[in-house]
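Working notes for the structure below.
The values are calculated or read from the model by the stated rules, or taken from the named source; none is laboratory data. All values derive from a computational prediction rather than experimental measurement. So basically every Cβ, Gly included, is an ideal-geometry build from the backbone, and we count neighbours across all protein chains shown.
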Amino acid sequence: MGRLFYGMARHKFAGQDFLRWLQFDLLLISGAALLGWLPGGWFTAEVSLLLFVGLIAGYLYWQTKDFVDFLPGEMPLVTPAILPSSAKLSVWASGYFGVENRHQHFAWLQGFFRTFPSREHAVICLSQPTSFLGVGRSAKNQHGMWYCFFKPDAIVEIGWGEIRFGRESLPGLRVAHTVRMPRRNWFQPEQDMRKFTYLACTKSEDALAILADLLYDPYAAEAASKRSPNGVAKKHPQDTWRTLTG
């Protein structure tokens, strides 16, 4: 259902997305039934209104999930390790992206994950033109390269599991991190908000490599805190990932 709602909200026909067209049609059917122009009268009107409310509720539900279904699994035990800055691991990414002061939620964009020498993580994806039901078209201002950046100190939680988008299902991670949201108006000042980035990988070893890279910084910080002033480790840190995965 997430893929269906994403398709209806993302693609436009005659200037409006399919979701709005469907909402308008349901209201039109309800009004026509109340006026006696359609059979069923009140019953048809009530069913149409219930579908209208259900459509809005369903969209809002999947929107909060970035239109993907994340099924948590047992966190694998991996050795935290730095991902080489030249490495680019293929992912299908969903979440909050930005480019040139524009921001947009996307689902299941193909791209890659990498980490710069500064240890800033990046998800770089290409949003290509797509269609819906053969007539709807994605908006041109959403095409092109989109980016998601987050630093280790912005990561709040890391989850491991299975990510589903429609009939597609792949192993991957859900990364909760804070994003600095720009000020929009007097009622929405600049603030830090928690966002989720979903990284699904065709190869499970790529997902494990991303997990090891994301866990490296808290692992290294924990190791440093365990060292004595002369540089000798007091205790080797174990299972540091538990602090991030709960």
Original post:
Would it be correct to say that residue 170 is in a strand (DSSP E or B) and within 30 Å of residue 14 (Cβ to Cβ)?
Top reply: no
**OP:** May I ask you to verify whether residue 52 is closer than 27 Å to residue 136 by Cβ and of a type outside the set (Asp, Glu)?
**Re:** yes
Original post:
Is it fair to say residue 92 is touching a residue at least 60 places away in the same chain (Cβ under 8 Å), under 19 Å from the mean Cα position of the chain (by Cα) and either in a strand (DSSP E or B) or more than 19 Å from residue 206 (Cβ to Cβ) (or both)?
Top reply: yes
**OP:** May I ask you to list the residues in the range 110-133 that are free of Cβ contacts under 8 Å to residues at least 60 places away in the same chain and either surrounded by 18 or more Cβ atoms within 10 Å (Cβ to Cβ) or under 24 Å from residue 212 (Cα atoms) (or both)?
**Re:** 110, 111, 112, 114, 116, 117, 118, 120, 122, 124, 125, 127
Original post:
Taking into account only those residues within the range 53-88 that are part of a loop (DSSP other than H, G, I, E, B) and polar (S, T, N, Q), which is surrounded by the fewest Cβ atoms within 10 Å (Cβ to Cβ)?
Top reply: 86
Original post:
Does residue 58 satisfy the condition of being small (Gly, Ala, Ser), within 26 Å of the chain's Cα centre (by Cα) and at pLDDT 95 or above?
Top reply: yes
Original post:
Residue check, residue 79 against (1) within 20 Å of the chain's Cα centre (by Cα); (2) over 30 Å from residue 12 (Cβ atoms); (3) polar (S, T, N, Q), all met but one. Which one?
Top reply: (1)
**OP:** Run down 113, 18, 106 and say which single residue is at pLDDT 95 or above and more than 22 Å from residue 152 (Cα to Cα).
**Re:** 106
**OP:** Go through the residues of the range 134-141 one by one and say whether even a single one is more than 30 Å from residue 79 (Cα to Cα), without any contact (Cβ under 8 Å) to a residue 40 or more places away in the chain and not charged (D, E, K, R).
**Re:** yes
**OP:** Would you check which residues across the range 193-212 are more than 17 Å from the chain's Cα centre (by Cα) and either under 22 Å from residue 102 (Cβ atoms) or in a helix (DSSP H, G or I) (or both) and list them?
**Re:** 204, 205, 206, 208, 209, 212
Original post:
Given the conditions (1) outside the structural domain of residue 182 (by TED's automatic domain parsing); (2) modelled with pLDDT of 95 or more; (3) aromatic (Phe, Trp, Tyr), and given that residue 92 satisfies all but one, which numbered condition is not satisfied?
Top reply: (1)
Original post:
Condition test on residue 115, is it out of contact with any strand residue (DSSP E or B) (no Cβ under 6 Å at 6 or more places or on another chain) and farther than 22 Å from residue 165 by Cβ?
Top reply: no
